[in-house]
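One structure is given below, encoded as structure tokens.
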Amino acid sequence: MLDVLIIDDEPNVRKGLKIIVPWEENGFRICGDSGDADEGLEKIVNLNPNIVLLDIKMPGKLGIDVIKEAREKGYKGKFIIISGYSNFKYAKDAIKYGAKSYILKPVDEDELMEILLELKKEIEDENKWEKDKKVIEEINLKKLFLEGNVELAGNYSKYDNLQVAIIDAESAPLENIIRSTLSSYSNEIDIIKIDDYIVLLFKNFKDIRVNRTLNDLKEKVTKDMERNIFIAVGNEVRGVIEIHKSYKEAEILMKEKFLYFERGIISAVIDEEEKNNKDDKEEFNIEKIYSYVEVNDLEQLRISFGKVENYLKHNKYSEDKIKIIAIRIFLELKEKLVKDYDLEDNMIADKEQIIEGIYSKNSLKELMDYLFENFSALSNKIADNSSDNIIKRMTNYINKNYYKDLKLEGLAEIFNYNSAYLGKLFKSATGENFNTYVDKIRIEKAKGFLTEEKLKVYQVSEKVGYKNIDYFHSKFKKYMGMSPLNYKKNNK
């Protein structure tokens with residue numbers, strides 16, 4: 001349907017035009033009418049009809065002036081002049097400003113319909129040409145982005161600075177909102193679809209204006225669709241020859257969507273921020289994470305997951321690699337807790353649930369929060385938070401981790417106690433000081449390894465936490481009255 005607007009100061013003429021022509025049967029629709037030249041001009045601009053039937057002479061303003069002002073405001077539709085005067089000058093001026101025909105009152109129905117159908121064919125041909133032209137322009141622009149083919153650059157060479165942004169927009173409603181929101185920038189921002197991306201080309205925008213426009217767009221989409229979008233921005237480039245470079249920069253950043261989704265908009269500046277943040281380079285320690293779960297130190301557990309997140313960002317791990325690591329950590333922890341703390345297997349999510357839960361997360365932060373929540377729940381199942389149970393928790397920890405480099409100061413840090421006070425508390429409860437207790441546990445473990453497994457003495461020493469074999473010899477002889485080798489022979 002083509003929209004038609006009627007502007008004539010005579011009410012009977014307006015009414016008659018609506019009645020005498022079978023509009024809808026021929027593919028037309030009356031979108032409005034007006035008896036005033038100024039009001040009519042306002043409706044032309046706001047309604048943007050395909051065709052305007054316009055009286056040449058109205059009180060206060062000529063139809064020629066309406067045509068001229070409408071053209072100045074950007075209106076590109078068709079005008080048909082209707083007049084009660086057979087005046088060649090009026091006709092000449094009307095055609096000068098783009099009127100397609102000039103007919104006299106009273107309007108002949110057949111003559112008007114003939115003109116309307118001619119204009120309809122003309123509009124359809126123009127629309128087809130514009131559509132074909134747009135398709136060709138988009139194909140050329142895609143080649144410019146993807147291949148750097150500057151021979152197809154067209155009029156982009158006239159712009160001093162250009163910048164590319166990519167939006168992950170796989171759904172049609174999201175694409176429509178983006179195009180609608182940016183419609184007022186039609187001459188300044190080109191928008192095309194490449195695969196699942198909406199690609200924006202900013203022409204002669206300053207970097208600060210690009211950021212402001214993208215922030216406004218993100219806010220609009222979030223409000224309308226109640227969801228976040230992710231935008232990757234290439235660097236501003238000088239000249240058409242570097243558009244391909246800006247696109248590739250944005251495309252590379254888009255691959256880091258999983259790492260930075262919460263930021264919403266990222267640019268190459270992030271790389272500099274990562275380089276300057278020394279904490280991001282610190283490799284995370286899985287053993288510490290397990291320890292914090294065992295002793296129920298949720299504050300340190302949260303800090304540890306923060307370090308994991310920073311480390312993965314700094315090293316730019318892929319989404320798949322991160323999720324594989326997360327699954328391994330979760331499954332290993334589950335196996336350890338079930339074995340060491342006699343937890344029932346069904347108290348912790350099964351393997352399929354763990355994998356499904358991890359793969360459902362859309363960002364690194366979301367995944368880290370998911371792991372923290374699950375690890376915290378597990379920690380609460382195996383630990384009692386009361387201070388009265390601190391020694392039981394310590395001895396349990398020692399019994400499970402005897403092979404590690406255990407020091408009172410380290411456990412005091414883990415359990416958030418003063419080391420001197422904790423040492424006194426431990427001796428009072430167990431009757432032995434910390435180091436003696438650890439030695440006895442290790443020697444008991446060593447006895448089993450010496451008799452039950454085909455291990456050499458130095459291997460047993462390392463397995464129970466003694467790095468120095470001479471020290472192991474002295475401790476073993478102190479508690480057992482003989483050397484490890486003699487014990488092994490006697491109990492073979």
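For segment 389-408, check the following and say yes or no: at least one residue is in contact with a Lys or Arg (Cβ under 9 Å, 6 or more places away or on another chain), over 25 Å from Lys463 (Cα atoms) and among the aliphatic types (A, V, I, L, M). For segment 389-408, residues in contact with a Lys or Arg (Cβ under 9 Å, 6 or more places away or on another chain), over 25 Å from Lys463 (Cα atoms) and among the aliphatic types (A, V, I, L, M): absent. Is it true that Tyr85 is buried (at least 19 other Cβ atoms within 10 Å of the Cβ), over 25 Å from Ser184 (Cβ atoms) and modelled with pLDDT under 90? No: the conditions fail for Tyr85.
Limited to segment 204-241, what total is found for residues that are acidic (Asp, Glu), more than 17 Å from Ser267 (Cβ to Cβ) and in contact with a helix residue (DSSP H, G or I) (Cβ under 6 Å, 6 or more places away or on another chain)? Residues that pass the stated criteria total 1. Among the residues making up segment 460-472, those that are more than 20 Å from Tyr437 (Cβ to Cβ) and surrounded by 14 or more Cβ atoms within 10 Å (Cβ to Cβ) are Glu462, Ile469. Considering segment 223-310, there are no qualifying helices (runs of 4 or more DSSP H) wholly inside with 2 or more residues that are among the polar types (S, T, N, Q), at pLDDT 90 or above and over 20 Å from the mean Cα position of the chain (by Cα). Taking the conditions (1) of a type outside the set (S, T, N, Q); (2) farther than 30 Å from Ile252 by Cβ; (3) crowded, with 17+ Cβ neighbours inside 10 Å in turn, Ile358 satisfies each one other than (2). Quick check on my filter: what residues within segment 205-239 are in contact with a Lys or Arg (Cβ under 9 Å, 6 or more places away or on another chain) and either without any contact (Cβ under 8 Å) to a residue 40 or more places away in the chain or surrounded by 17 or more Cβ atoms within 10 Å (Cβ to Cβ) (or both)? Val221, Asn228, Ile229, Phe230, Ile231, Ala232, Gly234, Glu236, Val237 - these are the residues of segment 205-239 that are in contact with a Lys or Arg (Cβ under 9 Å, 6 or more places away or on another chain) and either without any contact (Cβ under 8 Å) to a residue 40 or more places away in the chain or surrounded by 17 or more Cβ atoms within 10 Å (Cβ to Cβ) (or both). Considering segment 440-492, and only residues there that are of a type in the set (Gly, Ala, Ser) and touching a helix residue (DSSP H, G or I) at 6+ places or on another chain (Cβ under 7 Å), the residue that is nearest to Ile398 (Cα to Cα) turns out to be Gly465.
Using the structure shown, decide if Leu201 is modelled with pLDDT of 85 or more and closer than 21 Å to Ser267 by Cβ. Yes; evaluated as a whole, the condition is true for this residue. Within segment 64-75, residues that are not assigned by TED's automatic domain parsing to the domain that holds Asp38 and surrounded by 17 or more Cβ atoms within 10 Å (Cβ to Cβ) reach no partner that is modelled with pLDDT of 90 or more and of a type in the set (S, T, N, Q) with beta carbons closer than 7 Å at six or more positions or on different chains.
Annotation note: of Ile303, Ile289, the sole residue that is among the aliphatic types (A, V, I, L, M) and over 30 Å from Leu253 (Cα atoms) is Ile289.
Residue by residue, here is whether (1) without any contact (Cβ under 8 Å) to a residue 40 or more places away in the chain; (2) surrounded by fewer than 16 Cβ atoms within 10 Å (Cβ to Cβ); (3) closer than 17 Å to Met113 by Cα holds:
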site: Arg14; (1), (2), (3): yes, no, yes
site: Lys18; (1), (2), (3): yes, yes, yes
site: Phe28; (1), (2), (3): no, no, yes
site: Asp33; (1), (2), (3): yes, no, no
site: Asp38; (1), (2), (3): yes, yes, no
site: Glu42; (1), (2), (3): yes, yes, no
site: Met58; (1), (2), (3): no, no, no
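The values are calculated or read from the model by the stated rules, or taken from the named source; none is laboratory data. In this text, all values refer to a predicted model and were calculated from it rather than measured experimentally. Neighbour counts run over all protein chains shown; Cβ positions are idealised from the backbone, glycine included.
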